[in-house]
Structure formats: structure tokens, C-alpha cells
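> Before I ask anything, let me first share the structure, which is written out below as C-alpha cells.
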Amino acid sequence: MDHSLLGSSHAQRRQRFLEQLGGAAAVIPAAPLAVHHADCEWPFRQNSDFWYLTGFDEPDAVALFLPHRPAGERYVLFVASKDPSAEVWTGHRWGTEGAVAVFGADIAHPLPELEQRLGTYLQGAEGIAFRVGRHPAVEPLVLAAWARQLDRAPRSGHAALGLVAPCPILHGLRLRKSPEELERMRLACRISAEAHELARQVARPGLNERQVQAVIEQHFLEQGARGPAYGSIVAGGANACVLHYTANNAPLNDGDLLLIDAGCSLADYYNGDITRTFPINGRFTGEQRALYELVLAAQAAAVAAVAPGFTAEGVHETALRVLVEGLLELGLLAGSVDGVIAEGAYRHLYMHRTGHWLGLDVHDVGAYRLGEHHVTLEPGMVLTVEPGLYVSDRLPVPEGQPAIDERWMGIGIRIEDDVAVSEHGHEVLTAAALKAPAALER
Ligand code: GLY
Ligand code: MN
Ligand code: MN
């Protein structure tokens, strides 16, 4: 881990989090290692909430945020102790000394002391902010400490009465990216866009999807990213109609499109998420071009709509309206625009939403709506804009809608950019990945 990345950002985030917690104490666990098969583990991936607040990249640690304690005792880390015989196998650990000296903890303890110390640290807090259901190793300790407080409350005179979710505070902070975070996202998006450009240059009939995946992921690694942010989708022809296709093991056919949905994850976990679709042989067929231009028009309209005061829901509705209008013109849908949208009679061709928040998680945290209110876009929010069309016979054509002519079958198209809301509009972070039809043909 490059510790120049730590800077003061994590300290500022902790400060804001502590302020917003009010009198509640927060318990934020790190991720555990995940087993892949037998006793082999996946490369470690830190929990994004924990990472956002700590910048500490070891498994199983636990951070306490204690606004009810005096300054100098409000940020406590429980971490794996230094242990040369374990470090021989799994590498360097920071230990309690590093947790304080490098990561800015006020106090650090060895992990096994969490059970015994947690109750004491929580004493005097008005509530406990902990996400139940997500941290099976830590949850019993939190509940036991809370239960003991409640048992003793009649005599001690106080107890944290409520268990609350830290998510509204923490995810509200994560939703609004700082200038430093946006800089990291620009880099993740630039590397991801370059990989798409390389992939299009190498793709040709006869190559296997996996060989294109290799080009993309090689670029991620060469550029210093950890690797793909999610399972890269390299889907030739009708494979593109499988939204989460990751088999990536079919030959690329002359005359088909290739859909690639891939983005890198940086060392500090910021992600790109880009989809491009192009003709494998460098020439669209008439049907492919018609649908491609329609998705592109929908995407352009939706991207143009991204601005402060608008909503993610509005971005989706913008794209959907353009898609439905175009599908009606092409004869792939029948009826009125409003009627088709109201009935959802387009869903056999467009079955997903137009985007999601992007950040430390690819499908990043943050509310899209609060009750009936759609969250309005603000500078610093980053979302994907990714309309598509997928023509297959997997979903039945709704009653009253036209049967699909064979010539459209197997065409799957998605175009996805990552867009930051700016002061007066937006910034497309992934513009370096080309998408104009003329740029895709040769
Ligand atoms: N690559 C995941 C997504 O586009 O949502
Ligand atoms: Mn996406
Ligand atoms: Mn994607």
C-alpha cells in the first residue's frame, strides 16, 4: 500500500463522522479474508466503510468511534498484533504501534482484547451505531456488550438504549466525493477507458472473449491498479444479452457485436465502470447500427440531464423515454410512449435501471430516495449512466407487443459512462473510451 495515499483525508472523514454521530458510539468492522476454495483465500478486499474511515488495509480489524470520550480517546483500533511467524506467511502487519503511528488511531489494542474492552469503551454512549447482519464475527460481541449495559442500567443509571445503523451518516458522507476522491476516480476511469481502447484495437473474429479480457486486465495491472473492480464482462454476440455474463470463453464471430463491461479498481479501491459495444469486424450491420444509435442517443440525453438539482430517477426516465420512442419507430414496440412506459411493456428489451452511484463500491452506497423523495444530485456525487437494449427470447414479449423479427435476435448493446455531478452540470470521467459509431468502425 502506498501510504502517500493516506494523506489527511481519512482524518477529516473521521472528524465529520464523529461530529454527525452525536452521542452514539460507532463500531465499524474491517472485512475478513474470504475463502475461494479449500484453504485458498481470495486476495484481500477491505470493507469500504472501514476503509473510508481508516485507510487501514488488514483483515478482521475493528474501529471504534467514541464521540462521548475526551479528545485523544475517540478513535480506537483493534488490530492483529505483530507476529513474525505469521508474517512469514502472510506478510507485513502494522500491529498496534503502526495503527497509532501511521494510521492515526488515538489508542490501539490487539484484536483478541476486543471482547473484554468493548463494553468499557461503549459506556456512556447514548446509542451504538453498528450494522447488524453484516459482520458475523463482531456482532455477538456488540450485542453482548449492549446486553450487559442494559442489565446493569438499573444500578449504573445509564446504558446505550438504541442500536442504530451507521449507514445514513456514513453513506451520506461517502455519497458526496471530495476533490481528492474525484481525482482518484478520474484516474480509475482513465485507466479503465484506456483498457477499452486497447480491447477494441485487438478484437477480431476468431479471438476468444478471454483473450480480450486478458488485454484489459493486463492494462489494469500494468497501470498499478489492483485489477478488475468486478468480474469483467466480455460478451460476444448473444452473450451480451446475459447481463452478468462472466464466462468469457466463447470465440468472437465475424458479424457479431462485442460488449465489454470492465473497469479497474485502484490500490485505494476507487473504481471505474465502463461498458462499450462495437462490431467485432469493424462494421455494424443495419440492425446493429439502428439499435446502437438508439442506445447512444438515450445515453447522450441521460448524460446531458446530469446536473445539480436533477435526480438519478430523472436520469433513468430520460434514457427510458428515448429508448421507447426509438423502439416504437423501429417497430419493436407498439402503442404510445406513455402507455408503454406506464405498463412496463419495454422490459423484455430493457430490463435494468440506467445507473447507480459509483465510488469505493462499484454499486456504491447512498440513498436514491428517502421515502417518496428522490435524492437530488449534488456536486461531488458520481453515477453511472448505462442504458442498453438486449434482444433475446428469454423474456416473453408482453401481450399486445409485436413479435420480434429474427433479424434483431441476439443483439445486446450497453453504453456506460461514469459521470460526476459538477457545480453547474457534469463531468464525464470516462470520455476517453470512444463510442461514436465512426470511431468504432474501420
Ligand atoms: N459492471 C456492473 C454495472 O455496470 O453495474
Ligand atoms: Mn455500472
Ligand atoms: Mn458496468
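> Calculate how large, on average over all directions, the projected area of the Cα convex hull of the chain is; give the answer in nm² to one decimal.
The orientation-averaged projected area of the Cα hull of the chain comes to 24.2 nm².
> If you don't mind, another one. For a quick check of your reading of the filter: which trypsin sites (Lys or Arg not before Pro) in the range 133-194 sit in a DSSP loop and have no more than 16 other Cβ atoms within 10 Å? Please list the in-between numbers first.
Details: sites: Arg134, Arg148, Arg152, Arg155, Arg174, Arg176, Lys177, Arg184, Arg186, Arg190; in loops: Arg134, Arg176, Lys177.
Sparse-neighbourhood loop trypsin sites (Lys or Arg not before Pro): Arg134, Arg176.
> For a Förster distance of 45 Å, can you work out the FRET efficiency between the beta-carbons of Leu207 and Ala304, rounded to the nearest 0.05? Display every interim value, and only then the final one.
Numbers: r = 35 Å, r/R0 = 0.78.
Calculated transfer efficiency: 0.80.
> Dividing the Cα convex hull volume of the range 97-244 by residue count, how many Å³ per residue is that? Walk me through the numbers before you get to the answer.
Values: hull volume 28.4 nm³, N = 148.
Output value, Cα hull per residue: 192 Å³.
> Note down the relative contact order for the range 295-336 as a percent, whole number, built from C-alpha pairs under 8 angstrom at least six residues apart. All intermediate terms of the calculation are to be shown ahead of the outcome.
Working: 25 pairs, mean separation 16.2, N = 42.
39 percent.
> Taking the Cβ of Leu173 as the centre, find all other residues whose Cβ is under 13 Å away and add up their charges (Lys, Arg: +1; Asp, Glu: -1).
+1
> Around Glu416, under 10 Å between beta carbons, what's the net of Lys plus Arg minus Asp minus Glu among the other residues?
Values: positive: Arg276, Arg414, Lys435; negative: Asp261, Asp273, Glu386, Asp417, Asp418.
My count for the surroundings of Glu416 gives -2.
> A further question follows. Relative to the first principal axis of the alpha-carbon coordinates of the chain, what is the inclination of helix 286-305, with its axis defined by its Cα atoms, in degrees from 0 to 90 and to the nearest 10?
40
> Would you please name the trypsin sites (Lys or Arg not before Pro) within the range 233-322 that are DSSP coil residues with at most 13 other C-beta atoms within 10 Å of their C-beta?
Details: sites: Arg276, Arg283, Arg289, Arg321; in loops: Arg283.
Qualifying residues, ordered by number: Arg283.
None of the figures in this text is laboratory data; all of them are computed from the coordinates on show. All figures in this text were calculated on a predicted structure; none of them were measured in a lab. We place every Cβ from the backbone using ideal geometry, glycine too, and count neighbours over all the protein chains shown.
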